[in-house]
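Everything on this sheet refers to the single structure shown next.
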Amino acid sequence: HPSLTVRRALLVSAPGDSPGDPAADPPGQPLPVESRPFASYGSALHIGLPRAPRAGQLLTVEIDYEAGEGPGVCWLAPEQTAGKQKPYMYTQGQAVLNRSFFPCFDTPSVKCTYSASVQVPEGFTAVMSATSWEKQKDNTFVFKMSQPIPSYLIALAVGDIVSADVGPRSRVWAEPCLIEAARKEYDGVIEEFLAVGEKLFGPYVWGRYDILIMPPSFPFGGMENPCLTFVTPCLLAGDRSLVDVIIHEISHSWFGNLVTNATWGEFWLNEGFTMYAQRRISTEIYGLAYTCLEAATGRALLRQHMDNTGEDHPLNKLRVVIEPGFSLFPGVNPDDTYNETPYEKGFCFVSYLAHLVGDQSKFDAFLQAYVNRFKFQSITADDTLGFFLEYFPELKEKGVDTTPGFEFDRWLNMPGWPPYLPDLSPGEQLMKPAEELAELWAADGLNMEAIEAVDITAWRTYQLVYFLDQVLQKSPLPAGNVERLSKMYPKISKAQNAELRLRWCQIVLKNNLEAEYSKVKDFLHSQGKQKYTLPLYRAMWGGSEAARALAMESFSATAPQLHVNVQNYVKKILGLEVAE
């Protein structure tokens with residue numbers, strides 16, 4: 001990455017040189033280094049060796065470099081943290097940003113182990129995505145990752161952070177002001193998720209599963225760094241209602257971290273399988289009805305995304321052409337491919353494969369065999385689908401890969417809505433009442449008697465989210481209805497739960513309810529998660545003059561606390577100049 005400066009490279013040793021051999025290279029020999037063009041988001045580092053190495057020969061090369069200004073390394077001022085007292089730093093490697101943190105083979109097709117020694121000032125603690133962690137003198141922390149991982153999963157965070165145990169192999173890390181809330185949210189539940197995951201997908205190979213609660217500006221819901229998932233503080237809802245994000249990150253321990261997409265163009269291999277695994281675990285723990293409801297909200301997000309981009313947008317394929325594309329078409333930067341398609345369309349494809357098998361326990365057994373076959377490897381969709389057909393020879397015989405309309409090739413290479421949608425009807429018992437209630441609120445004359453007859457006090461988060469999605473689809477509502485809805489359900493309009501706050505803010509904007517604009521502003525000030533931030537800026541920019549003014553005002557106030565990628569996406573929405 002241009003922000004990383006390589007000062008010099010040395011050949012430390014070339015094992016196989018016998019001591020005293022006059023032809024051996026002297027240790028610590030400086031090597032010529034040059035940077036050559038590669039892609040818009042990074043260059044190739046070329047190091048000249050004194051002579052051609054033999055195949056299979058091990059070399060030790062030391063690269064002296066300086067980094068820290070790049071997009072993969074995030075420096076937060078004290079006011080951007082929860083505690084507001086001390087600064088904080090963290091790295092975010094996915095997809096191609098770790099090249100600005102250290103020189104690496106920054107592709108998911110290469111896996112390696114790593115170790116690190118990190119010295120930090122007094123009063124700070126360092127944590128990494130590593131299997132072992134040791135504090136030594138001079139406030140130096142030493143880390144080792146004993147399993148091979150792709151470069152994007154190497155992560156470091158440094159701040160005023162403390163930990164609390166929440167299970168036999170799990171602890172939460174957070175700033176001191178959040179540690180108690182984090183302990184309460186996760187105490188005892190993590191082990192249950194891990195145990196169900198192991199039962200379904202095979203052994204958990206990473207040793208510990210810890211969680212780091214990030215500062216509010218963290219742009220993602222979670223990042224599945226092995227041994228130490230980074231998560232948004234938005235998950236601390238106080239009622240465990242958003243644990244599905246943790247189940248998602250835990251599911252990456254098998255799909256993504258253990259079996260990895262070899263290229264970012266097939267990101268669905270990480271995310272589609274992880275969504276499927278998440279919903280399998282959720283079904284075992286919370287039952288089918290609730291899981292179908294959660295999947296229905298996912299499907300609504302996919303619909304929204306495809307309506308925004310147009311179904312035939314090239315990113316709405318499961319197989320995307322990534323730069324540097326050796327084709328007539330310029331590829332895209334992998335960081336710009338992040339959208340709902342690999343998650344939810346990918347989930348539909350994996351569900352279609354399960355549907356072809358027709359027996360859940362047989363498909364579960366296949367998933368376990370798949371993980372076992374490809375663990376610690378990086379693979380392509382062809383590997384996955386080839387193994388599927390080999391595992392089920394009777395399906396191969398039937399030619400399921402070329403069934404008209406459902407061809408595997410069509411799934412991978414055609415943009416648009418998934419050819420197959422899994423049956424979510426078990427969720428009807430939870431969806432129907434939400435749909436009926438939304439109908440009542442969208443009516444011209446409100447039938448208050450019917451509305452008051454519906455008791456939503458026992459509804460769980462995803463039932464409320466589903467209800468709000470329906471209200472949003474029917475918005476703008478007839479005059480006065482939203483104001484009454486807001487008064488009637490303070491549990492929704494004054495919610496602290498981020499998923500509810502997002503939907504309520506979208507409803508406020510779609511209905512141009514200026515009286516509650518302050519809630520939009522407060523929500524944008526409280527966090528910087530990409531999935532919450534961008535839809536609200538899109539809604540404001542597509543709204544009234546007042547809504548556009550709110551967008552400009554919110555952005556100028558919160559820009560410094562947003563991740564640089566998120567800042568740039570918002571600037572694009574608002575038509576502002578994006579610095580190269």
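The values are calculated or read from the model by the stated rules, or taken from the named source; none is laboratory data. Not measured: the values here are computed from a predicted model. Here the Cβ is made from the backbone with ideal geometry for all residues, glycine too, and neighbour counts use every protein chain on show. Side chains are part of the model used for accessible areas, which takes the heavy atoms of the whole protein and leaves out ligands, DNA and RNA. Shrake-Rupley method; radii C 1.70, N 1.55, O 1.52, S 1.80 Å.
Kindly flag which residue pairs out of Lys474/Lys531; Lys144/Lys362; Lys345/Lys491; Lys184/Lys491; Lys317/Lys432; Lys345/Lys531 have an alpha-carbon separation exceeding 27 Å in this structure.
Details: Lys474/Lys531 22 Å; Lys144/Lys362 37 Å; Lys345/Lys491 32 Å; Lys184/Lys491 21 Å; Lys317/Lys432 31 Å; Lys345/Lys531 17 Å.
Correct reply: Lys144/Lys362; Lys345/Lys491; Lys317/Lys432.
For Val570, Val118, give the ranking by accessible area with the largest first, probe 1.4 Å.
Working: Val570 0, Val118 25 Å².
Descending order: Val118, Val570.
Any chance you could look up the accessible area of Leu293 with a 1.4 Å probe, heavy atoms only, rounded to 10 Å²?
Here the residue's solvent-accessible area equals roughly 0 Å².
What full-extension length gain, to one decimal in nm, is calculated for Lys184 and Glu122 as 0.36 nm per residue of separation minus the Cα-Cα distance? Present the calculation step by step, with values, prior to reporting the outcome.
On the way: separation 62, 0.36 × 62 = 22.32 nm, distance 2.84 nm.
Length gained, Lys184 through Glu122: 19.5 nm.
With Rg/Rh (Cα atoms, Kirkwood Rh) in mind, check (1) 1.03; (2) 0.98; (3) 1.64 and report the label derived from this structure.
Step by step, Rg/Rh (Cα atoms, Kirkwood Rh) for this structure corresponds to label (2).
Please give the Cα centre distance for the range 542-566 versus the range 482-497, rounded to the nearest Å.
Distance between centres, Cα-based: 24 Å.
Could you check how much of the accessible area of the range 341-481 is carbon and sulfur, as a whole percent, using a 1.4 Å probe?
Working: 3230 of 6510 Å².
Within the range 341-481, the accessible surface is 50 percent carbon and sulfur.
Classify the range 70-253 from the C-alpha gyration tensor, please: rounded if a/c falls under 1.5, else prolate or oblate depending on whether a/b exceeds b/c.
Working: a/c = 1.43, a/b = 1.05, b/c = 1.36.
Rounded is the answer for the range 70-253, as its axis ratio a/c remains below 1.5.
How much accessible surface does Asp469 have with a 1.4 Å probe, in Å² rounded to 10?
Spelled out: Asp469, probe radius 1.4 Å, area about 20 Å².
Would you rank Phe366, Phe376, Phe102 by solvent-accessible area, highest first, keeping every protein chain in place and using a 1.4 Å probe? All intermediate terms of the calculation are to be shown ahead of the outcome.
Values: Phe366 0, Phe376 60, Phe102 35 Å².
The ordering from most to least exposed comes out as Phe376, Phe102, Phe366.
When the helices in the chain are scored as -39500 (n - 2.57) per DSSP H run of 4 or longer and the sum is shared across all residues, what 222 nm value do you end up with, to the nearest 500 deg cm²/dmol?
Numbers: 20 runs with 225 residues, N = 580.
Counting only the DSSP helices, I get -12000 deg cm²/dmol.
Keeping all protein chains in place and using 1.4 angstrom, which order do Phe387, Phe38, Phe363 fall into by accessible surface area, from largest down?
Greatest to least solvent exposure: Phe38, Phe387, Phe363.
Please compute the length gained on full extension between Ser544 and Lys396, using 0.36 nm multiplied by the number of residues separating them and subtracting their Cα-Cα distance. Walk me through the numbers on the way to the answer.
Working: separation 148, 0.36 × 148 = 53.28 nm, distance 5.53 nm.
Extra length available between Ser544 and Lys396 comes to 47.8 nm.
Which residues does a label at His313 reach in the range 272-302, if reach means a backbone N under 19 Å from a point 7 Å past the Cα toward the Cβ?
Correct set: 272, 298-302.
Enter the angle in degrees (range 0 to 90, nearest 10) between the Cα long axis of helix 288-309 and the first principal axis of the Cα atoms of the chain, meaning the one along which they spread out most.
Rounded to the nearest ten degrees, it is 80.
In square angstrom, rounded to the nearest 10, how much accessible surface does Ile63 have for a 1.4 Å probe?
50 Å²
Could you tell me the center-to-center distance, by alpha carbons, between the range 258-308 and the range 405-458 in angstrom?
17 Å
How long are the three semi-axes of the equivalent ellipsoid for the range 425-574, computed from the Cα gyration tensor as the root of 5 times each eigenvalue, in whole Å, largest first? The partial results should precede the final answer.
Numbers: eigenvalues 169, 56, 31 Å².
In descending order, the three semi-axes are 29, 17, 12 Å.
If you place +1 on the Cβ of every Lys and Arg, -1 on the Cβ of every Asp and Glu, and leave all else neutral, what size is the dipole of the range 259-413 about its Cα centre, to the nearest 20 Debye?
Working: 13 positive and 22 negative charges, 64 e Å.
Result for the range 259-413 is approximately 300 debye, rounded to the nearest 20.
Calculate, in nm to one decimal, what Asp444 and Arg7 gain on full extension: separation in residues at 0.36 nm each, minus their alpha carbon distance. Present the calculation step by step, with values, prior to reporting the outcome.
Numbers: separation 437, 0.36 × 437 = 157.32 nm, distance 7.00 nm.
Full extension from Asp444 to Arg7 adds 150.3 nm.
Rounded if a/c is under 1.5, else prolate if a/b beats b/c, else oblate: with a ≥ b ≥ c from the C-alpha gyration tensor eigenvalues square-rooted, which is the range 259-413? Don't skip to the answer; put the middle values down first.
Working: a/c = 1.59, a/b = 1.19, b/c = 1.33.
Oblate.
At a Förster distance of 56 Å, what's the computed FRET efficiency of Glu514 paired with Gln57, Cβ-Cβ distance as r, to 0.05? All intermediate terms of the calculation are to be shown ahead of the outcome.
On the way: r = 70 Å, r/R0 = 1.25.
Here the calculated transfer efficiency is 0.20.
At 1.4 Å probe size, with every protein chain present, just tell me what the per residue accessible area of the chain comes to in Å².
Working: 24990 Å² over 580 residues.
That works out to 43 Å² for each residue.
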